[in-house]
Amino acid sequence: MIKTYFLITLCVLFWSVNFIIGRYIKDDVTPLELAFFRWLFVFLIISPILIKRRKNILNSLKQNFKILAILSILGITAFNTLLYFGLTTTTSTNALIINSTVPILVLLMSFFILKQKINSYQTIGIILSTLGVIFLILRADVSNIFSLKFNQGDILIIISSTAWALYSVLIKYKPKDLNDYEYFATIVAMGLLVLSPFYLYQGYSIEKELEVLKNNYPIFLYVSIFPSIASYYFWHYGIEKIGASKTAQFTHLMPIFGIILASIFLGETLETYHLLGAMLIAFGIYLSLFYKRKVNLDF
């Protein structure tokens, strides 16, 4: 299990950097450009799988088109594109608060869609981790809540988080006749296909797009390889091994990684409330992942 937890943690770390990148380059690269080139690069990287395994993929598409279309739209087209759009008009503080609802959304969707039971330790763990996130965001001062302002970008982040939570639950229904690599290649191709008309509709000139690629290709390579290929594999691996609800709990690590990254790259200092919030998050994850198992062993 240590391997599973380590890979999910890496997944969330890569996403945390992606979160910062999306906010950092908002004035140089449009959300649609970032989303499109991200998945175009991924498509080019995994295209050998599509070519080599095309027969099996096409057969699966004929039999499972509906669920594959839903998963590709939720996980590839909608989630990241809406996230990037949201980050252009909302603050990172608001986005972190909204993002902390993903574990709760996954838990509730698993209960209603998959009929999975919710144990008390899991509920308490998620509540503690959520409180830890809020503790960090408010800087240990409840009065700071009155200074928070919400806008249309927050609505997009809410929709984005909901799309990812639903994707994480519905992944249980992915076709069994596709292995992990074939499945990922399939939803990337379908998701990019859905995203392309929106990108082309913007009427970007070839000269401008070549300039965007030239100036930002390291960023496109990063978001294609780490938050996309690596993180998607790690996330699916986690869901397969420990379930969607427990895997989603790791998203509460994003504020902690955000603090660490900010201290390294932005020169921000670590405060006492950062450590206290991190402790709440860590204890919440411990309760959610380990405590019930420990109790069961005692009987």
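The values are calculated or read from the model by the stated rules, or taken from the named source; none is laboratory data. Bear in mind the structure is a predicted one, so any value in this text is a computation, not a measurement. Neighbour counts are summed over all protein chains in view; Cβ atoms, including those assigned to glycine, are modelled from backbone coordinates with ideal geometry. Note: accessible area is taken over every heavy atom of the protein model, side chains too, but ligands, DNA and RNA are not part of it. Shrake-Rupley method; radii C 1.70, N 1.55, O 1.52, S 1.80 Å.
Which helices (runs of 4 or more DSSP H) sit wholly inside segment 198-299 and have at least 3 residues that are modelled with pLDDT under 70?
Helices (runs of 4 or more DSSP H) meeting the threshold: 254-265, 272-286, 292-298.
With within 30 Å of LEU40 (Cα to Cα) and open to solvent by 60 Å² or more (accessible area, probe 1.4 Å) as the only criterion, which of ILE187, ILE155, ILE127 stands out? Give the derivation first.
Values: ILE187 fails: open to solvent by 60 Å² or more (accessible area, probe 1.4 Å); ILE127 fails: within 30 Å of LEU40 (Cα to Cα).
None of the other options fit; the residue is ILE155.
Quick one: would you say VAL106 is in contact with a helix residue (DSSP H, G or I) (Cβ under 7 Å, 6 or more places away or on another chain), outside any helix (DSSP H, G or I) and open to solvent by less than 10 Å² (accessible area, probe 1.4 Å)? No. Only one of these conditions is not met by VAL169: (1) at pLDDT below 90; (2) closer than 19 Å to VAL102 by Cβ. Which number is it? So the condition that VAL169 fails would be (1). Total residues in segment 174-192 satisfying the condition of being within 15 Å of PHE79 (Cα to Cα) and aliphatic (A, V, I, L, M): the figure is 4. Before we move on, is VAL29 buried (at least 20 other Cβ atoms within 10 Å of the Cβ) and either among the small types (Gly, Ala, Ser) or over 14 Å from LEU213 (Cβ atoms) (or both)? Taking the combined requirement at face value, the residue does not satisfy it. When TYR222 is tested against (1) farther than 13 Å from PHE37 by Cα; (2) open to solvent by less than 50 Å² (accessible area, probe 1.4 Å), only condition (1) is not met.
Would you confirm whether any residue within segment 247-259 is farther than 22 Å from VAL188 by Cα and surrounded by fewer than 17 Cβ atoms within 10 Å (Cβ to Cβ)? For segment 247-259, residues farther than 22 Å from VAL188 by Cα and surrounded by fewer than 17 Cβ atoms within 10 Å (Cβ to Cβ): absent. Across segment 198-223, the number of residues qualifying as charged (D, E, K, R) and either more than 20 Å from ILE21 (Cα to Cα) or more than 28 Å from the chain's Cα centre (by Cα) (or both) comes to 3.
For ARG23, are the conditions met, namely being farther than 19 Å from TYR173 by Cα, open to solvent by less than 50 Å² (accessible area, probe 1.4 Å) and under 17 Å from the mean Cα position of the chain (by Cα)?
no
Within segment 191-202, residues that are over 13 Å from LEU40 (Cα atoms) reach partners that are part of a helix (DSSP H, G or I) with beta carbons closer than 7 Å, at six or more positions or on different chains, in the pairs PHE198/LEU32; GLN202/LEU32.
Taking the listed residues LYS62, LYS117, LYS55, LYS66, the one that is part of a loop (DSSP other than H, G, I, E, B) and open to solvent by 20 Å² or more (accessible area, probe 1.4 Å) is LYS117, with no other qualifying.
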